[in-house]
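Everything below concerns the one structure shown next.
The values are calculated or read from the model by the stated rules, or taken from the named source; none is laboratory data. Quick caveat, the model's predicted, so the values are computed rather than measured. Ideal geometry is used to build each Cβ from the backbone, glycine not excepted, and the neighbour counts take in all protein chains shown. What goes into the accessible areas is simple: the full protein's heavy atoms, side chains included, and nothing from ligands, DNA or RNA. Shrake-Rupley method; radii C 1.70, N 1.55, O 1.52, S 1.80 Å.
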Amino acid sequence: MIDRHTGEARSPASLSGGETFYTSLALALGLADVVRADAGGVNLDTLFIDEGFGTLDPDTLDQVMAVIDSLRDNGRAVGIVSHVADLKDRIPERLEIRVTPGAGSTTRVVA
């Protein structure tokens with residue numbers, strides 16, 4: 001892969017956690033576009049992102065959330081699985097699941 005910042009070849013193994021998350025998100029979005037094109041315009045309207053937000057610095061988190069907001073604004077449903085507390089303020093509608101003592105859990109819908 002080529003690092004756009006340096007113009008040099010770079011091994012994917014050298015990516016930080018945040019860079020890996022950002023790259024994975026970009027690949028998933030690109031793959032959804034390829035599937036739509038190859039499937040005669042069938043849209044993949046739902047995207048689930050499982051973790052990775054904890055690896056992002058505040059500026060990168062802002063960029064990722066802007067991309068997710070634009071996806072939602074354009075009709076895609078985006079589900080996020082995360083333990084990052086900062087996301088609670090950014091996501092107004094959510095399903096919160098909390099582990100309770102005794103191996104149970106509680107569920108709360110926030111809308």
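Values as computed for the structure displayed
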item	result
Within the chain, helix-based [θ] at 222 nm, where runs of 4 or more DSSP H residues each add -39,500 (n - 2.57), nearest 500	-12500 deg cm²/dmol
Lys/Arg +1, Asp/Glu -1 at C-beta; region 1-102 dipole; positive extreme among V64, Y22, A37	A37
Loop-located GluC sites (Glu not before Pro) in region 28-101 whose Cβ has at most 11 other Cβ within 10 Å (DSSP)	E93
Cα-centred dipole magnitude for region 12-69, charges only on beta-carbon of K, R (+1) and D, E (-1), debye, nearest 20	200 debye
Region 9-54: chymotrypsin sites (Phe, Trp or Tyr not before Pro) in DSSP loop, at most 10 other beta carbons within 10 Å	none
Tilt relative to the chain, helix 58-73 - C-alpha long axis, 0 to 90 degrees, to 10	80 degrees
Calculated P(r) of the chain - Cα pairs past 17 Å, %	64 percent
0 to 90° range, to nearest 10: angle between helix 17-38 axis and the chain longest Cα axis	80 degrees
Fraction of accessible area attributable to carbon and sulfur, the chain (%, probe 1.4 Å)	56 percent
